Amino acid sequence: MADPIVEAAQKHPAPEGLVYTYGTAGFRTKADVLDSVLTRVGLIAALRSRALKGKWIGVMITASHNPPEDNGVKLVEPMGNMLQEEWEVLSTEIANQSTPEDVSKYYHELASKYKIDLKTPARVVVARDTRASGSRLLGCLLDGLTAAGAESKDYGFLTTPQLHYMVRCMNTEGTKEAYGVPTEKGYYEKFGAAFKTALRGKKPSGHLTVDCANGVGGPKLVELIKYLPSKEEGLEIVVVNDNVIKPESLNVDCGADFVKTNQRAPPSSKTGPGDRCCSLDGDADRVVYYFKDSQNIFRLLDGDRIATLVASFLGDLVRSSGLAEDLKIGVVQTAYANGAATKYVEDTLHLKVDCTATGVKYLHHAAEKLDIGVYFEANGHGTVIFSHDTLETIEKHEPRSPGEKEALDVLRACINLINQSVGDALSDFLLVEVVLAHKRWGPQEWLSTYTDLPNRLLKVIVNDRRIFKTTDAERKLTSPDGVQAQIDREVQKVRQGRSFARASGTEDAVRVYAEAATKAEAEDLARKVSEIVKAAGGA
Ligand SMILES: CC(=O)N[C@H]1[C@@H](OP(=O)(O)O)O[C@H](CO)[C@@H](O)[C@@H]1O
Ligand SMILES: [Mg+2]
């Protein structure tokens, strides 16, 4: 009898000479060389589900902030978090098997190594963003799932966080941890109701312009707005760059990555001084805010700013609810966090700061160890995690005054408003709007909490980025030999200087970050460190 695994792998053969790596956010590369990877991800997802006794596993076909010609795929664990690292390695290994027979052999070896009964059910939830290559790659994935005998549920177009939400809901349905109704309508109803409750009658000032990066976040935001309070009683949202019918315009001159990397508004932006804006990225799991101040100067309110705003608000709510002795809030950052943000959290908010490697899986994992873990990467990936015990404490707490009750009601609503499974640009910006409404702040007041150190993020193309290895949450290079010492020498010459270099997990480049007391010094430091990296990397 023919081997269905071999047949599926034969139908989508791996291109010669390519090496695939499950990186910071799954597999991600040019869409036209991903067919074999998607089929094999279907096999791995089925094995992962069986290894977890038939729990639903998520598969999201997306390349997030990457250009339109890219695509990618990542797996989602039953509670909506990132794939367990051991299975990232297994995914990489199956993706790089040479022949269809090797794929089948590897698949069956995994099953016996992990004692997976291939006759038990495998369940996989699938969704994709609006990239042109998505429907073809979905077919490749489904071929893998069928060959592995998995049951699949395809939601079509979703934002990445919506897929994470569906997976968590499907695995908690009917239990005390039930996370919500596993439908798009269920998602909109949950977050819409939580937003209204958390506002508690407060009205966000002015309107908010949301740049949807011409990605899947556009149509999903238009749908979400139907479930939010009307603009008279709630938030007026102006949706821009929601042109998904032209996939080639995805992330082009718009979106969170454009704004954060170029530190300027999309050229299409028509907002005036003081108008609040935010930009989602291509799969709506990242958001950054910005505005033009009274001198018409562009001001960025990035992930660091969202983390500090949310941490300060949740800290106020915990204190006002009478829970300050019971619950500790921590902020988790990566090395890309601006030094001024870290200093503000420690010295002004008096909260603990942890630093992890880049990639939401590392921040998420660190935040899970806290009572309340606020984590955002500077580029706008992030959310807030409330531990199981914390949720119980907040649920059981009896307020001792009307003031405590009000704060507790808002805190409980914020818990529902926050997508705890993964950073969710839509729910994150609603949370920001709740905080600004309660604080009666506009973007200028928000910006005034601390002053960013001027900084620069550069990309350096080298022969093989994998020779750049790091330690200490990616803040120090351990190889190539001597490179870190050269960087340290340049940093020591600069006032408030800080710089580091690390290999990107999503693009074939080494990223260089630098910050300093002045813009000129930051630019110069970034340039010098980039030269050091270029020389070491044989660019
Ligand atoms: C500096 C930067 O923004 N890096 C991004 C980028 O990772 P890299 O490994 O730096 O390519 O993509 C990741 C996935 O989207 C995101 O988590 C991360 O923050
Ligand atoms: Mg993204």
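Laboratory data are not the source of any read-out in this text; all were calculated from the coordinates shown. Computed from a predicted structure; not experimentally measured. Note that each Cβ is placed from the backbone with ideal geometry, even for glycine, and that neighbours are counted across all protein chains shown.
Here are the numbers for the structure shown:
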{"read-out": "Residues with amide H under 5 Å from that of residue 207, placed H, sequence gap 5 or more", "value": "276"}
{"read-out": "Volume per residue that the Cα convex hull of the chain spans, once the total is divided by residue count, Å³", "value": "144"}
{"read-out": "Debye, to nearest 20: dipole size of the range 176-230, +1 on Lys, Arg Cβ, -1 on Asp, Glu Cβ", "value": "320"}
{"read-out": "Computed [θ] at 222 nm, deg cm²/dmol, the chain (DSSP H ≥ 4; -39,500 (n - 2.57); rounded to nearest 500)", "value": "-12500 deg cm²/dmol"}
{"read-out": "Violating pairs (Cα-Cα greater than 21 angstrom) within the set 153/220; 459/528; 190/270", "value": "190/270"}
{"read-out": "Selection from 145, 169, 213, by position along the positive dipole direction of the range 137-258 (Cβ)", "value": "169"}
{"read-out": "Spatially near lysine pairs across the range 282-434, Cα under 20 Å, sequence gap of 8 or more or different chains", "value": "10"}
{"read-out": "Relative contact order (%) - criterion: Cα under 8 Å, at least six apart; region: the range 100-193", "value": "23"}
{"read-out": "Computed over the chain: relative contact order in percent, which uses C-alpha pairs under 8 Å that are six or more apart", "value": "12"}
{"read-out": "Farthest toward positive dipole pole in the chain [+1 Lys/Arg, -1 Asp/Glu at C-beta], among 479, 15, 133", "value": "479"}
{"read-out": "Residues whose placed amide H lies under 5 Å from that of residue 287, excluding near-sequence neighbours", "value": "381"}
{"read-out": "Rounded to the nearest 20 debye, dipole of the range 336-406 from Cβ charges on Lys, Arg, Asp, Glu", "value": "180"}
{"read-out": "The range 392-399 - phi-based ³J(HN,Hα) in whole Hz, Karplus 6.51/-1.76/1.60, Gly and Pro as x", "value": "5, 4, 5, 5, 8, 5, 9, x"}
{"read-out": "Relative packing of 421-431, 52-62, which averages over residues the other C-beta atoms within 10 Å, highest first", "value": "421-431, 52-62"}
{"read-out": "The range 370-407 versus the range 494-539: alpha-carbon centroid distance in Å", "value": "37"}
{"read-out": "Per-residue HN-Hα couplings for the range 204-210 [Karplus 6.51, -1.76, 1.60; θ = phi - 60°; Hz; x = Gly/Pro]", "value": "x, 7, x, 10, 10, 9, 10"}
{"read-out": "Distance between the range 243-315 and the range 138-154 - C-alpha centres, whole angstrom", "value": "36"}
{"read-out": "Counted charge near residue 327, where neighbours are those whose Cβ lies closer than 12 Å (Asp, Glu -1; Lys, Arg +1)", "value": "-3"}
{"read-out": "Relative packing of peptides 12-21, 99-108 - highest average C-beta neighbours within 10 Å first", "value": "99-108, 12-21"}
{"read-out": "Computed magnitude of the charge dipole of the chain (debye, nearest 20; Cβ of K, R +1, Cβ of D, E -1)", "value": "440"}
{"read-out": "Sorted peptide list for 216-225, 109-118, 460-469, criterion being average Cβ within 10 angstrom, highest first", "value": "216-225, 460-469, 109-118"}
{"read-out": "Lys/Arg +1, Asp/Glu -1 at C-beta; the range 120-254 dipole; positive extreme among 222, 197, 247", "value": "197"}
{"read-out": "Amide proton proximity set for residue 213, modelled H, under 5 Å, gap of 5+", "value": "255, 280"}
